[in-house]
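As structure tokens, the structure follows; a few thoughts come after it.
The values are calculated or read from the model by the stated rules, or taken from the named source; none is laboratory data. In this text the structure is predicted, and so the values were computed from the model without any measurement. Don't worry about glycine lacking a Cβ; one is built from the backbone with ideal geometry, like all the others, and counts go over all protein chains shown. Accessible surface is based on the protein model in full, side chains and every heavy atom, while ligands, DNA and RNA are left aside. Shrake-Rupley method; radii C 1.70, N 1.55, O 1.52, S 1.80 Å.
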Amino acid sequence: MSALANEVMTSGKVQPSKIILINSANCQYAEFDLSDSLHLVALNNRGKTSIINTLQFLYIDNYKEINLGYSLDATWKHYFPALGSYILFELNTLTGRKVFGLAATGLGNQPEKFILSGGYEVSDFILQTDAAMTPKKPDTLFLDISTKLVSRNLESKHHHALLRPFMAKQNPTGLGLIGDTQNYRLFKRLFRQLLQLKGITIKDLKMQIEQVNHAQMEKQQKINVQREFSEPYERVK
């Protein structure tokens, strides 16, 4: 196991460490470090909400369930306006750093999901000269990074599996970003509402958190009554 994996296991920091936007959401290039508190400060209509909403692409496995305030066609045009548009997430996982990404496949088309081993490298995605930064098109990109490419064209079920905990036999590529819970649908709904800060009341939030916690408590706190109480009962008698 790598030194980073040991560090992650010790610190418990299994989490996204960076968001990178390349030719996406009106950003030519933007990189955000998530390893500590992050504050976005800008005038209205400069893209703060668009940047925050990119987290839906990571945590929500089904395109039909994301809600970015646009139709899906408008969403693809905003976030993936051309070949060479990418949204990337560098992740700390129990098996080292990985990059989960989405690549444009054509104007108005839904993007392709892929995952790479290792940390994010600018040179993997951008041809950089003194004059300009040119994003690589997918055909060139995937050829250049073939040795790092773990998988591509991920479907919803594979995306969901990536989010679940790492298990050597049952889920060897798990990123461990959500708990292994049956309440993933509830998590997605709550996550969308919290990101958008609308359509949710304190009562709704309390109820949804209680539902998630209740399910976890039921799952984890089952008691074997016979084992726990038979011997004390015999002693009392």
Return one whole number: the accessible area per residue of the stretch 46-202 in Å², for a 1.4 Å probe.
50
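Restricting to Cα pairs below 8 Å that are 6+ residues apart, what does the relative contact order work out to for the stretch 43-192? Please round to a whole percent. Before the final figure, lay out each step's value.
Working: 213 pairs, mean separation 26.6, N = 150.
Relative CO of the stretch 43-192 lands at 18 percent.
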Accessible-area ranking of 164, 152, 185, largest first, probe 1.4 Å
185, 152, 164
Compute, for residue 144, the solvent-accessible surface of its heavy atoms (probe 1.4 Å) with the complete set of protein chains present, and express it in square angstrom to the nearest 10.
90
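Where nothing but the Cβ of Lys and Arg (+1) and of Asp and Glu (-1) is charged, how large is the charge dipole of the stretch 116-165 around its Cα centre, in debye to the nearest 20?
Details: 6 positive and 6 negative charges, 62 e Å.
So the magnitude is around 300 debye.
Given the pairs 13/98; 98/137; 48/206; 113/157; 13/188, which span a C-alpha to C-alpha distance of over 18 angstrom in this model? Show your work: numbers first, answer last.
On the way: 13/98 14 Å; 98/137 21 Å; 48/206 27 Å; 113/157 12 Å; 13/188 21 Å.
The answer is 98/137; 48/206; 13/188.
From largest accessible area down, sort 180, 33; use a 1.4 Å probe on the protein chains. Can you show the working numbers first?
Working: 180 60, 33 85 Å².
Largest accessible area first, the list is 33, 180.
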